Structures are given as C-alpha cells and as structure tokens.
Amino acid sequence: MILRLLAGLSAATLLPAALLLLPLLHLAPNRLVTGAPVTAADALGAWLWPGLALAALGPGLLAAGRGKAAAGLAGLACLGALALLLAGLGAGAAELTAGKPLATRARLASGAWTGMVVLVGALALAARGARLPGGGMTASAAVAGLLACLWITGHLDALSLAVELRARSDTLGTALRDHIVLSLGALGLAAGLTVALALWRRGRGAIELAVSGVQVVPAVALLGGLVAALSALLATVPALRDYGLSALGTLPALIGIAAYLLLPLWRGQQAARRAASPAHLAAADALGLSRRQILATIRLPLGAPLLVGGLRVAAVQALGLATLGALVGAGGLGTLVFDGMAQFAPDLILLGALPIIALSLATEAALGGLEAALRRHWPR
C-alpha cells in the first residue's frame, strides 16, 4: 500500500514535469538522422493541457484513492491521458511534416516514451487495484485496443514509426511468422531432448554440467561454431545437401537456441521429479496406490507448476534468442533489428524490437498465469 502510494504520488508530480521538460518528438529531414527536438507545446498544441491534467489525475487517484471505484477511475484517467498523448503526437507530427519533403520524419523522443511507459504501468496497477479479471492482461488489452483505434482512424499516420511500418508491412509479417516458428521449433527440440536425457538416470551429473556449460558460451560464438561444424560435415558428406541441410539458415539457429533452452527445461524437469518427497511416495505405497494413481494424485499435482515454470523461462528465452537467428540467415524479427542497426535507422530497429518485447511479455503473462493457476489448484 505504501509502495503504491509513493509510486502514485511520484508519477502524479513527475510525469507532467517530464512531459513538459523532455522533448516529445524529433523532427528530422530523413530517417537516418536524429533531428531537432520538439517541445510539448509545439508537439501537442491544444492537446497539451487536457493530457497533462489526466496524466496527473490518474496516478494521483491511484495513490490517494481506496477501493475498486477509485482504482477504476484512475485507470480510465490513465487510459484517457495515453489516448490524448498519442493522438496529440500524431496530430503534431502531421502538422510539423506538412508541406515538407516526403523523407521528413517526426520521430518519438524521450518524453513521449517516458510518458507512455509510466501511463501503461499506472494503468496496469489500476486494473489490479480494481480487481479486474486478468489485471495486467486487461490493461494490455485496453492499450492494444486504443492503439488499434488510433491506427485505423489514421491518427498515427504521420509518426515516423508508422511510416516505417507501412513501408515494411509485408516484411514485418514474414519476419514475425519466421520468428515464432523458429522459437517454437527450438523450444520443441529442447523439450524433446530434455525428455530423452531424463531417461539416462546415471548420467544426470554429466548432463547438468553440460547444459550449464553451454550458458557460458556467447551466443554469437556458438552460432558461428555451429555454422563451421555444419560446413565441415556437409563437405565430408555432400549427400546430406540432398535432404535440404545447409550450414546457414534455420538448422544452426534451431540447434543453437535449443542448446540454451536445455538448462531451464532440465532444471524444471528435475525440480518436478523431486517435488514428491520419499515420505509422500512411502505414504502412497502404504495406501496401496498404483503407479498410475501416484502419478495422477501426487507426482503430477506437485510437479506440474515446476514444469510450467521451467517452460515459461525457456519460452521467453527462446523469443529473445531467436533474434540472433538473423545472423545465420534464419530470418525472424532480428532481420529488421540488424538492418536498422546497419542503416542507423532507429525506427527500423524499434519495428523489429517492439514485437519481440510484446511477444515475450505476453508469453510470460500467459505461462505465469498458468503456473499460478496450477499452484492454486494443486497447493503443496
């Protein structure tokens, strides 16, 4: 309660100050330069003071108010402030770029990002305070709906990130699909290897050492080593190329990412195996339970949350590591990120990075919720 009060009061006072003092936009002659900073008054115009009022009201209500009603009003104020901020930035960008060359860009600056992050965080706290189902998921859905409405109505069209998105919409769709397929493929491969390794009971110490040792190898070095090893293998056995194997592309990326996922999956599996203590198993034997009954009533209830916990860590890790698949020609959102870095184009980097962040947060929330539900359903 005290932490929420302090956070809310700080946000209520510092957020309007940050929006006023920090630049909200950068106006640049093209996508490759930072450009000149644009203040809140020039960027938001008539949207400024209503947005600041709601930006102060939302966190203030969250800090001072009590009960579901106050939290609900705080959430609505934060969502309204976010809507005014985004719509105002879009209108300001359209005004600033009107009549200028097509290459001119109005890019979101530090003040805009700070305001959006704080308002979304306050909205999530308000959703939890109002005890809405899903809490953070409800807040995320509200933000996603707001962005969709602003996008459909064209309020964001003049922002540089929206211009980049329209120019690369086809590429983004392909990259997103490849990223998800690569992540799921590596996760499935690692899960299959974990199950197979679990059958080798005498080698558990060596397996633990091996899967832990992979973590100290830099990802780029591991991918490079896999490319070299696959090249040598294909040179030795050229017939493997007839089966579609290549030293570059999806194969080395799948193997490299799966190698890093073995540790969280292995430890989750081992923790689940040890969740049922010898006393639990001895009591079950004394009651005359069969192996199937012990699995259904003891091992699974005690171990399932731990298994899902390991899967949650591995899934989020897979989404992040899949970004590096672009370095070996596996595609994915990393292609946009590295293209943006090569071209010194910040919006192109964001176009690849923001979906990765969104996917990771959604995966963390979904599997974290499943893990919590299993713990509630089968308390230890």
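The values are calculated or read from the model by the stated rules, or taken from the named source; none is laboratory data. Owing to the predicted nature of the structure, the values given are computational and were not obtained by experimental measurement. No Cβ is skipped: glycine too gets one built from the backbone with ideal geometry, and neighbour counts run over all protein chains shown. With ligands, DNA and RNA removed, areas are computed over all heavy atoms of the protein, side chains included. Shrake-Rupley method; radii C 1.70, N 1.55, O 1.52, S 1.80 Å.
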Quiz item: Under a 5 Å amide H to amide H cut-off, with H placed in plane at 1.01 Å, what residues pair with ALA275 once short-range neighbours are removed?
Solution: none
Quiz item: Using the Karplus equation 6.51 cos²θ - 1.76 cosθ + 1.60 (θ = phi - 60°), what ³J(HN,Hα) coupling, rounded to whole Hz, does each residue of segment 24-29 give in order, writing x for Gly and Pro?
Solution: 9, 9, 10, 9, 10, x
Exercise. With +1 on each Lys and Arg Cβ and -1 on each Asp and Glu Cβ, and nothing else charged, work out how big the dipole of segment 36-166 is about its Cα centre, in Debye to the nearest 20.
Key: 380 debye
Quiz item: Could you give me the ³J(HN,Hα) list for segment 38-51, computed from phi with Karplus coefficients 6.51, -1.76, 1.60 and θ = phi - 60°, whole Hz, x at Gly and Pro?
Solution: 10, 6, 4, 4, 6, 7, 9, x, 5, 7, 4, 5, x, x
Practice problem: Could you list which residues have their amide H under 5 Å from that of ALA109, counting only those 5 or more apart in sequence or on another chain, with H placed in the peptide plane? | Solution: LEU25, HIS26
Practice problem: Summarise the accessible area of segment 328-380 (1.4 Å probe, protein heavy atoms) by the percent that is carbon and sulfur. | Solution: 73 percent
Practice problem: Subtracting the Cα-Cα distance from 0.36 nm times the residue separation, let me have the gained length for ALA286 to LEU32 in nm, one decimal. | Solution: 84.2 nm
Quiz item: For segment 74-167, what size does the Cα cloud have along each of its three principal axes, sorted from largest down, in whole Å?
Solution: 49, 23, 16
Quiz item: What FRET efficiency would be calculated for the residue pair ALA372, ASP157, taking the C-beta separation as r and a Förster radius of 30 Å, to the nearest 0.05?
Solution: 0.15
Exercise. Just order 76-87, 193-204 by mean Cβ neighbour count inside 10 Å, highest at the front, would you?
Key: 76-87, 193-204
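What's the magnitude of the charge dipole for segment 173-297 around its Cα centre, counting Lys and Arg as +1 and Asp and Glu as -1 at the beta-carbon? Answer in Debye, nearest 20.
Result for segment 173-297 is approximately 420 debye, rounded to the nearest 20.
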Self-check item: segment 241-380 - accessible surface per residue (Å², probe 1.4 Å)
Solution: 50 Å²
Quiz prompt | Dipole in debye (nearest 20) - the chain, about Cα centre, beta carbon charges: Lys, Arg +1; Asp, Glu -1 | solution = 1500 debye
Self-check item: Signed unit charges on C-beta, dipole axis of the chain, positive-most listed residue GLY80, GLY310, VAL163
Solution: GLY310
Quiz item: Where the convex hull is taken over the Cα atoms of the chain, what is its projected area averaged over directions, in nm²?
Solution: 24.7 nm²
Quiz item: In whole Å, what is the distance between the alpha-carbon centres of segment 108-152 and segment 37-76?
Solution: 12 Å
Quiz item: Label points 7 Å out from Cα along the Cβ direction at TRP113 and LEU14: separation in nm?
Solution: 1.7 nm
Quiz item: Ordered by residue, what ³J(HN,Hα) values in Hz, to whole numbers, does segment 243-251 give under the Karplus form 6.51 cos²θ - 1.76 cosθ + 1.60, where θ = phi - 60° and Gly and Pro are x?
Solution: 8, x, 6, 8, 6, 10, x, 6, 4
Quiz item: Taking the Cβ-Cβ separation of LEU240 and LEU209 as r and a Förster radius of 22 Å, what is the calculated FRET efficiency to the nearest 0.05?
Solution: 0.15
Self-check item: Share of carbon and sulfur in the accessible heavy-atom surface of segment 207-286 [1.4 Å probe, %]
Solution: 71 percent
Quiz item: So what is the diffusion coefficient of segment 166-312 in µm² per second by Stokes-Einstein at 37 °C and 0.692 mPa s, using a Kirkwood Rh over Cα pairs?
Solution: 181 µm²/s
Exercise. Using packing as a proxy for protection, rank 155-165, 342-352 so that the peptide with the highest average count of other Cβ atoms within 10 Å comes first.
Key: 155-165, 342-352
